[in-house]
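The values are calculated or read from the model by the stated rules, or taken from the named source; none is laboratory data. None of these values were measured; they are calculated from a predicted model. Note that each Cβ is placed from the backbone with ideal geometry, even for glycine, and that neighbours are counted across all protein chains shown. Just so you know, the surface numbers come from the protein's heavy atoms only, side chains and all, with ligands and any DNA or RNA stripped out. Shrake-Rupley method; radii C 1.70, N 1.55, O 1.52, S 1.80 Å.
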Amino acid sequence: MLHVSPFKAISVAILCVLALVFAIPNLFEKQTVAGWPDWLPKKQLSLGLDLRGGAHLLLRMDTKEVRDGMLTSLRADVRAAMRRARIGVRATGIRDNAVQLRLAPNADREKALTELRRIIEPLAISNILGRNVQNVTLTEQSDGRVDLTLTDDAIRQRIADAIGASIETLRRRIDPAGNKDATITRSGLERILVQVPGIKTQAELDAIKRIIGKTAALSFHAVHPNETYSGGAVPPGYRTYLSAEQAGLQYLLQANPVVKGDDLVDAQPGFDQRTNEPIITFRFNQNGARRFGRWTAANVTRPFAIVLDGQVLSAPVVREPILGGSGQISGSFTPQSAQELAISLKSGALPAK
């Protein structure tokens, strides 16, 4: 006959009782468990889609937007290099994956080529692949044109970096409190798999899709003295932006923003104390606060535009210098849309749609 000491029997019995007590919360709904006294265990097992159901989304990044951004940046680098070297340029254009440069007839071609070669850099994956992998190739054409072409390796690396950044951004947007057990992983070269357990209604799914879909690129721009665009040539250094609230209205704004959303450190939904309308309060870092403060101090009584994803949310007038680095965004918000936009702004902008 097997003999078990009383101590072992009591220990096993206590362990079984404790295991049962800690397992009990999994038999009830989360809302029920939340109302229990604090001294009772409340932690529940994280159940995946196979047990709880939920949202399963496969997202594809707009890689053309990533490539176009690389080409725009490369063209800006080419123009800056030619300006620094005081070399005359007849035209710079973009075609396929290349920036095409035509020098002025009297330009120093050898000096220009030397400056352009400075733009060529090895990629970080060079050591991994065991060969010299560059970001750009330079080609002289027979008609005198110079082409700077993005390499396939450079484009693939930028897309991989953008996917990685997007995964972290989506994680902060979808699960800011860290309690949804969301799974967000890379799937293939340009796709992201998102699984969010516990999504039961279409409204919850639609909210997730809206949060994912916002690129949330925020910027603050100086407004042209004419404010709106009524046709004709756009002045140098300015571009047109559509109004988010009034169909057909176009604002004329300075192309280079005063402050970009990269300098945003916090965004919270709230209500205007005077009108009780939903708003979003924001706060800049020191760099953004300093630039915004200098600009508002020099432009009292002038409007500035708040631009989100390429559309003007509002264009308020600067009543006094805004030196504290914080302010508020108003518009046609509902409490839910203000909450979703605040989450998107705080999590950072996606590198592409």
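For region 16-33, check the following and say yes or no: at least one residue is under 30 Å from Ile212 (Cβ atoms), open to solvent by 50 Å² or more (accessible area, probe 1.4 Å), part of a helix (DSSP H, G or I) and free of Cβ contacts under 8 Å to residues at least 12 places away in the same chain. Yes; the residues of region 16-33 include at least one that is under 30 Å from Ile212 (Cβ atoms), open to solvent by 50 Å² or more (accessible area, probe 1.4 Å), part of a helix (DSSP H, G or I) and free of Cβ contacts under 8 Å to residues at least 12 places away in the same chain. Assess whether Arg79 counts as being exposed (fewer than 12 other Cβ atoms within 10 Å of the Cβ) and under 22 Å from Arg145 (Cα atoms). No. Scanning region 186-223 for residues that are within 17 Å of the chain's Cα centre (by Cα), within 12 Å of Leu57 (Cβ to Cβ) and not aliphatic (A, V, I, L, M) yields Arg191, Lys209, Gly213.
Only a single item in (1) more than 21 Å from Ser344 (Cβ to Cβ); (2) in contact with a Ser or Thr (Cβ under 9 Å, 6 or more places away or on another chain) is not met by Ala222, and it is number (2).
Close contacts from region 59-71, counting a first residue that is within 20 Å of Leu193 (Cα to Cα) and open to solvent by less than 40 Å² (accessible area, probe 1.4 Å) and a second that is in a helix (DSSP H, G or I) and among the hydrophobic types (A, V, I, L, M, F, W, C), with Cβ to Cβ under 6 Å and a gap of 6+ residues or different chains, come to Thr63/Ile159; Val66/Ile159; Val66/Ala162.
When the residues of region 310-353 are narrowed to those that are more than 14 Å from the chain's Cα centre (by Cα), of a type in the set (A, V, I, L, M, F, W, C) and over 10 Å from Ile279 (Cα atoms), which ends up modelled with the highest pLDDT? It comes out as Val312. The number of residues in region 235-246 that are open to solvent by 60 Å² or more (accessible area, probe 1.4 Å) and free of Cβ contacts under 8 Å to residues at least 60 places away in the same chain comes to 3. Of all residues in region 34-57, which are surrounded by 13 or more Cβ atoms within 10 Å (Cβ to Cβ), hydrophobic (A, V, I, L, M, F, W, C) and at pLDDT below 80? Matches in region 34-57: Trp36, Leu47, Leu49. Residue count for region 299-353 satisfying the condition of being of a type in the set (A, V, I, L, M) and open to solvent by 70 Å² or more (accessible area, probe 1.4 Å): 1.
In region 223-233, what residues are among the hydrophobic types (A, V, I, L, M, F, W, C) and open to solvent by less than 60 Å² (accessible area, probe 1.4 Å)? Walk me through how you get there before you give the answer.
Here is the first cut: in region 223-233, the ones among the hydrophobic types (A, V, I, L, M, F, W, C) are 223, 233.
Answer for region 223-233, where residues must be among the hydrophobic types (A, V, I, L, M, F, W, C) and open to solvent by less than 60 Å² (accessible area, probe 1.4 Å): just Val223.
When restricted to residues that are within 11 Å of Thr72 (Cα to Cα) and open to solvent by 60 Å² or more (accessible area, probe 1.4 Å), region 96-106 contains 0. Taken over region 273-298, the criterion of being part of a loop (DSSP other than H, G, I, E, B) and open to solvent by less than 20 Å² (accessible area, probe 1.4 Å) is satisfied by no residue.
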